[in-house]
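The values are calculated or read from the model by the stated rules, or taken from the named source; none is laboratory data. Predicted, not measured: the structure shown is a model, and the values here were computed from it. So basically every Cβ, Gly included, is an ideal-geometry build from the backbone, and we count neighbours across all protein chains shown. In case anyone asks, the SASA skips ligands and DNA or RNA and just uses the protein heavy atoms, side chains included. Shrake-Rupley method; radii C 1.70, N 1.55, O 1.52, S 1.80 Å.
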Amino acid sequence: MPESPRETVTSQSGTGKSGAAEPGTGTSGTGGPRSGTGKPAAGAPAPARAWARDALRWDTVVGALLVVLLLCSFSFVDNFGNALNLSFLIGNTLPIAMIALPMTMLVVSGEIDLSVGSTAGLAGAVMGRLWNQGMSIEMIIPLCILLGVACGLVNGLLVTRLGLPSLAVTIGTLAAYRGIAQIVLGSNSVTDFPQQYLTFASDRIGGTFIPQAAIPWAVLLIIAVVVLHATPVGRSLFAVGASQEAARFAGIRVKRVKLSMFVATGTVSALTGVFWALHYASARYDNATGLELSVIAAVLLGGIDFDGGKGTLGGAIAGVFLLGALQNVMSLVNVSAQSQTLITGILLVISVLAPRVARQVGRARARRKAATAPPPAALAATG
C-alpha cells in the first residue's frame, strides 16, 4: 500500500518548533538529499542502500512476520488451514480490523481513543433494547450508528474545545459508555434478531473461507487508504501529528481535523458493535469488553507512531492480522487465556519500544557519519 511521507523537516524554525516541509528545502520526496539540479547530491544513499532501508521499515517487517507466521502455521499447526478455522480467524479479527481503520488515522493525528470497545458495547446494548421494544432492525442500525457519531463527538469536543488530553478523556468515557450500556440493557441478553442479518454476519462467501462481512470491511479499507494516503485530508493528518503549530501556520484547521477523526472512530465503533451482536448472535452490555486494547496493540504493532505523524494503513492491517493469527494459533495449541494476554501485552510493549530504538540508532549513525564526513570546503577543493 502507498505510504505518505511524514510532513516534517529536521531543521528548527525560529520559534523553536519543527516546521512543515516546503518545496525546495533540499528534501526530496523519497527522503534523500538532492542537489540544485535535481540529481542526487554527494553522500546520497545508493539505490541498493535505499532499498535496504525501505525493506527494514517497521511496517514491512510486520508484514514479513505475518507471512512467516502463516506459512509456519499452515505447515505445522493442526487444523489451522481448514476453511472453518480460517473463517473463524477472519470473523473474529474483523471487529479489530474495522476499528483499526479510523484509529490509525486518529493516532496519526496525534490522538487516541480508548473508548471504542465501550462505544461498540453501548451500540449493541441499544440495539438489543430497541429490538425488544418492537422496533425494526432497519431503523435500529442507523440509530446505533448515529449513537456512535454522538459518542465520538463528545470525545472530540472534550479534547479539541476544552484542551483535555485524549488519553484521559477516553479513559473516562470508556467507563461512562459501558455504564450507560449496563443501564440500558441490564444483565439481559438479546439473541432473537432476524435470521437474514445473523446469516450475513456469520456465513461465508460460497464455498470459500471468507466471511460475507469481509466485503463491507474491504470497502471501508479502500476508502480509508484513499483518504489517508491520497487526499489533502490525509496529508493534513500527517502534518497535524508531526507538528500542530506548523500545521496551523500552513492553514490547516487542526481542531476540525481532529474532531472529524474522533467522530469517524465513534461511528465505526458503533457499526462494529452492531456487527458484534449479529456475528455472535447476542446483544449484551459487556459486548466488546477489552476490544480497545486489541485495537491499540494491533495498530501500534503495525508501526503507527504513538506520537503521531507517521505510519501506514498497510502496516496497521498487517499488525491486526498478525495479532489475530497469533491468537488463533495459540488457541489451537492450547495456550491458556492468561498466557495469551501476557503475550499480547509483551507485543504491545515491543511495538512501542522497537521503532523508537530503531530511530535512535539511525540518528546516532547519521550523526557519526556527519562527524566523519569531510567539510564542504574540502569537497569543493577536491572537485
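For this structure, a couple of remarks:
- In this structure, Ala123 qualifies as touching a Gly at 6+ places or on another chain (Cβ under 6 Å), assigned to a helix (DSSP H, G or I) and closer than 24 Å to Ser109 by Cβ.
- Among the conditions (1) within 27 Å of Val107 (Cβ to Cβ); (2) open to solvent by 40 Å² or more (accessible area, probe 1.4 Å), Val335 misses just one, which is (1).
- Remark: pairs (first residue in segment 278-299, farther than 14 Å from Gly128 by Cα and in a helix (DSSP H, G or I); second residue open to solvent by 20 Å² or more (accessible area, probe 1.4 Å) and modelled with pLDDT under 90; Cβ separation under 6 Å; 6+ apart in sequence or on different chains) = Ala297/Thr344; Ala297/Leu348.
- The set of residues in segment 80-109 being touching a Leu at 6+ places or on another chain (Cβ under 9 Å) and either open to solvent by 10 Å² or more (accessible area, probe 1.4 Å) or aromatic (Phe, Trp, Tyr) (or both) consists of Phe80, Asn85, Ile96, Met98, Met105.
- Residues located in segment 166-199, provided they are of a type in the set (Phe, Trp, Tyr), open to solvent by less than 20 Å² (accessible area, probe 1.4 Å) and assigned to a helix (DSSP H, G or I): Tyr177
- Remark: pairs (first residue in segment 322-349, part of a helix (DSSP H, G or I); second residue of a type in the set (Phe, Trp, Tyr); Cβ separation under 7 Å; 6+ apart in sequence or on different chains) = Val329/Phe80; Leu332/Phe80.
- Of the residues making up segment 355-378, those that are modelled with pLDDT under 75, open to solvent by less than 90 Å² (accessible area, probe 1.4 Å) and of a type outside the set (D, E, K, R) are Pro355, Ala358, Ala373, Pro374, Pro375, Ala377, Ala378.
- A search for C-beta distances below 9 Å between a residue of segment 55-79 that is closer than 17 Å to Gly314 by Cα and open to solvent by 30 Å² or more (accessible area, probe 1.4 Å) and any residue that is part of a helix (DSSP H, G or I) and of a type in the set (Asp, Glu), counting only pairs 6+ apart in sequence or on different chains, returns Thr60/Asp54.
- Of the residues making up segment 200-259, those that are touching a helix residue (DSSP H, G or I) at 6+ places or on another chain (Cβ under 6 Å), more than 29 Å from Thr160 (Cβ to Cβ) and assigned to a loop (DSSP other than H, G, I, E, B) are Phe209, Gln212, Ala213.
- Any hit, segment 258-270, residues being of a type in the set (Lys, Arg) and within 15 Å of Pro102 (Cβ to Cβ): yes
- Sole exception among (1) of a type outside the set (Asp, Glu); (2) over 14 Å from the mean Cα position of the chain (by Cα); (3) open to solvent by less than 20 Å² (accessible area, probe 1.4 Å) for Val233, by number: (3)
- Residue in segment 272-280 that is under 16 Å from the mean Cα position of the chain (by Cα) and closer than 17 Å to Ile145 by Cβ present: yes
- Those residues of segment 200-217 which are surrounded by 14 or more Cβ atoms within 10 Å (Cβ to Cβ), more than 13 Å from Leu84 (Cα to Cα) and of a type in the set (A, V, I, L, M), in sequence order: Ala201, Ala213, Ala214
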